[in-house]
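So the structure is just underneath, and the comments pick up after that.
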Amino acid sequence: MTTARSQLICPNVTPYYHCVSRCVRRSFLCGKDNSTGKSYEHRRAWVEQRMLTLSSVYCIRICSYAIMSNHYHLVAFVDKEAALALSDLEVVERWCSEHQTPVIIQRWLANQLKSKAESHTCKQLIETWRHRLYSLSWFMRELNYDIAVQANKEDQCTGRFWEGRFKSQALLDEKALLTAMAYVDLNPIRAKMADSPEKSDHTSVKARLNSLERGETTTPSLANFMGYEHHDKHHGIPFRLMDYIELVDWVGRQIRQDKRGYIDNSMPAILERLSLPQQECLTLCTELAKKPRAWVGSTKELYNAKAKLGKKRMVALLIS
């Protein structure tokens, strides 16, 4: 039986989630179809741009992403606190920047409401939008719908473009988050589409490296690295960017034995701080793909999640 999405995505348990959405057609989402010789490479930019645009509207921060040939990955941070802190006007401005503005909201903006009933209706509508602004399901729904419409128009066809439901994994602690982010950013290298992170087009790691080359410490529309001292504050990614880049490079070299360059034997500082040995990190990145689970984290965090959700059993990938 399919598990309700509300039981898989709960910001009160964890704000971090790894999501995957796959194309159902035999033709490519992106890349080149060898049977016809037609290239769909331009669609990578569609997905990447739409994902980042929606992130600027929704209170959903993108930690990492990778656009592949017939699917895409993203690790998202659901910023419920930010959504709840928005004023009513900010909620309306965000939502209506991507959707049609109802007449009653137009009248609310013009201060032309004439009754308490109309005011109550507006308040209810705004609170509905506020909830949607931190709903990962709504975010994924809008992202996939827009891409499907564009692809169907280009292919001159109709019908389903994506699988019915996107897959999601709840990342219960920092180790799970770190593992999922590295796994996602290394997808093109594992698929031999690129031989280094800086050459992995349409990935978050390349976007971050490009920002560094421009002398920028942050990357627009992506969640910020807050540093380890903020590890218990949910305002971004609780690691240092340079530690993460070093880790991605190290894990990528272990997965690809034929990768160019010399790998220093020194262990990234972030691994020492999280007590995550190199071999364990490599194993986890591999297991994340081989054994997909809805919940990823330590035994302690899994018990906490069970208690919050009132569940006796949860299928999980445990991180010691």
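Values quoted throughout were computed directly from the atomic coordinates according to the rules given, and no laboratory measurement underlies them. This one's a predicted model, so the numbers in the text were calculated from it and none came from an experiment. So basically every Cβ, Gly included, is an ideal-geometry build from the backbone, and we count neighbours across all protein chains shown.
Data table
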| read-out | value |
| --- | --- |
| Mean Cβ neighbour count within 10 Å, used as a protection proxy, ranking 168-180, 239-251 highest first | 168-180, 239-251 |
| HN-Hα J in Hz across segment 64-70 - Karplus 6.51, -1.76, 1.60, θ = phi - 60°, x for Gly and Pro | 7, 7, 8, 9, 9, 6, 10 |
| 3J(HN,Hα) from dihedral phi, segment 38-46, Karplus parametrisation 6.51/-1.76/1.60, rounded to Hz, x for glycine, proline | 7, 9, 10, 4, 5, 6, 4, 5, 4 |
| Label-point gap, in nm, between GLU213 and THR36 - each point 7 angstrom along Cα→Cβ | 3.3 nm |
| Separation of alpha-carbon centers, segment 100-117 and segment 51-75, rounded to whole Å | 33 Å |
| Where only alpha carbons of segment 151-229 are counted, the Rg and the Dmax (Å) | 16.5, 52 |
| Spatial extent of segment 83-133: Rg and Dmax, with the Cα atoms as the point set, Å | 10.4, 28 |
| Net dipole in debye of segment 10-121 [+1 Lys, Arg Cβ; -1 Asp, Glu Cβ; about Cα centre; nearest 20] | 500 debye |
| Among the listed pairs LYS175/LYS300; LYS80/LYS167; LYS80/LYS308, those beyond 19 Å (Cα-Cα) | LYS80/LYS167 |
| Nitroxide proxy distance, nm - points 7 Å out along Cα→Cβ at LYS300 and CYS96 | 4.8 nm |
| Exposure proxy ranking, count of Cβ atoms within 10 Å, fewest first, for THR121, THR128, THR158, THR14 | THR158, THR128, THR121, THR14 |
| Ranking of PHE77, PHE166 by count of other Cβ atoms within 10 Å, fewest first | PHE166, PHE77 |
| Inter-site label distance for GLU198 and LYS116 at 7 Å from Cα along Cβ, in nm | 6.6 nm |
| Sorted by Cβ density within 10 Å, fewest first, the residues TYR40, TYR16 | TYR40, TYR16 |
| For segment 83-133, size of Cβ-based charge dipole, Lys and Arg +1, Asp and Glu -1, in debye | 180 debye |
| Amide H partners (placed H, <5 Å) of THR203, local residues excluded | none |
